[in-house]
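To start, the structure under review is shown below, and the notes come after it.
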Amino acid sequence: MIAATPFLRKTLLSVLACCLLAFPFAVQPKEAAPLADDPAAEKRLRSLSEEFRCLVCQNQSIADSNADLAVDLRREIRSMIHEGKSDSDIKDFMVTRYGDFVLYRPPLEGATLLLWFGPGLLFIIALVALRSTLRRRDRTLAAERELSPEEQQKAEALLRAATDTPPKE
Amino acid sequence: MNKFLWPLAGFIILAVFLRIGLDLNPHEVPSPFIGKPAPEFSLPVLGTPGEALDKHFSPRDMRGKVWLLNVWSSWCVSCRAEHPFLVRLAKEGKLPIVGFNYKEVRGDTEIDASKLGAEAERELVQKRARAWLAQRGDPYQLTVLDIDGRVAIDYGVYGVPETYLIDREGIIRVKHIGPLTEDALREKIMPLLEQETRGKP
């Protein structure tokens, strides 16, 4: 390994120190936890907000996203938990504002039938297709195994010729 | 032949779906508010310098009018692009526009609002909102201030700018996400506006 110059080493060390020092402070101010003393409520907040999609970064849940809106919505959910609202009250709150889109588990209704059962349907179609392909292949293979009368004759002739004239030394 | 047609058919179906997908905007989530009453609120109105925030506005005040509620913020880049169009629209005087200033200070990632006191934040919000309108023109009949963004949650705001068309009965008819444009006005808003004016007694 090439020895790092003292300057380089010093710089690296100070960068590392800065990262270590800055990290806890950078994270804290965003997430003040008013219910930190109530771990059960925090756990409920966590599990609830995992069920909701963040509308800003749509592939993250409200629990995971650090978008401003997600932070605000966590605050709202937290205060609703504090007020003793039920899970379905909180779900209704989200759905009236953002629609079913906010739910990672969309409700089962006409428009979502394909969404819920589409994959299963595709799987069944694939199974049926696989079965019919295998059967067809089986049939063609079976047909190939049988020799036609001419082929039979030819094969017998060949075999006879082979046994009649022994190979030369 | 069949053997070669199947993958081709599969490819064509896939291509059609992908082509449709190109035109879809995943950020345009169908709003559950269409056809529902605009949520009530009472928010302070942005006044002239030195004026206290004691005047309040509520959507009820606009009963009997067809109007636009436009959510904006001075830190929002798309609002900057949208603003000249709003100014022009206001000059034409087709319909009143109410400005809804969303988290002017708290939403700005460059400011740490938690360090400001409530009073200081209110001051800064007004100063920044006024500066924006003075610089770029004020298309709004009035501007309300949603300093903590709570009311915006009731309206399901998730990306500024957003614009709502609210009818005479206070029902939300259109929600437009992103900058309002000539096309959006012509296609989404004008047909409803004409329908509304024709139905006027």
Within the stretch A:98-110, is even one residue more than 30 Å from B:S73 (Cα to Cα) and aliphatic (A, V, I, L, M)?
yes
Within the stretch B:164-201, how many residues turn out to be farther than 24 Å from B:A81 by Cβ, small (G, A, S) and at pLDDT below 90?
1
Helices (runs of 4 or more DSSP H) lying entirely in the stretch A:64-165 (those with 2 or more residues that are closer than 30 Å to B:R150 by Cβ and either aliphatic (A, V, I, L, M) or more than 14 Å from chain B (Cβ to nearest Cβ) (or both)):
A:68-82, A:87-98
Within the stretch A:41-63, how many residues are within 11 Å of chain B (Cβ to nearest Cβ) and of a type in the set (V, I, T)?
1
So for the stretch A:60-76 (the condition being exposed (fewer than 13 other Cβ atoms within 10 Å of the Cβ), modelled with pLDDT of 90 or more and at negative phi), does at least one residue qualify?
no
Close pairs (7 angstrom Cβ cut-off, 6 or more residues apart or separate chains): more than 10 Å from every other protein chain (Cβ to nearest Cβ) and without any contact (Cβ under 8 Å) to a residue 40 or more places away in the chain in the stretch B:29-46, surrounded by fewer than 18 Cβ atoms within 10 Å (Cβ to Cβ) and in a loop (DSSP other than H, G, I, E, B) anywhere:
B:E40/B:S58; B:S42/B:S58
If we keep only residues of the stretch B:92-126 that are in a helix (DSSP H, G or I), out of contact with any helix residue (DSSP H, G or I) (no Cβ under 9 Å at 6 or more places or on another chain) and touching a residue at least 24 places away in the same chain (Cβ under 8 Å), then the residue farthest from B:H176 (Cα to Cα) is B:R122
Listed residues B:L8, B:L53; which is over 16 Å from the mean Cα position of the chain (by Cα), more than 14 Å from chain A (Cβ to nearest Cβ) and modelled with pLDDT of 90 or more?
B:L8
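The values are calculated or read from the model by the stated rules, or taken from the named source; none is laboratory data. What you see is a predicted model, and the numbers here were worked out from it, not measured in a lab. So basically every Cβ, Gly included, is an ideal-geometry build from the backbone, and we count neighbours across all protein chains shown.
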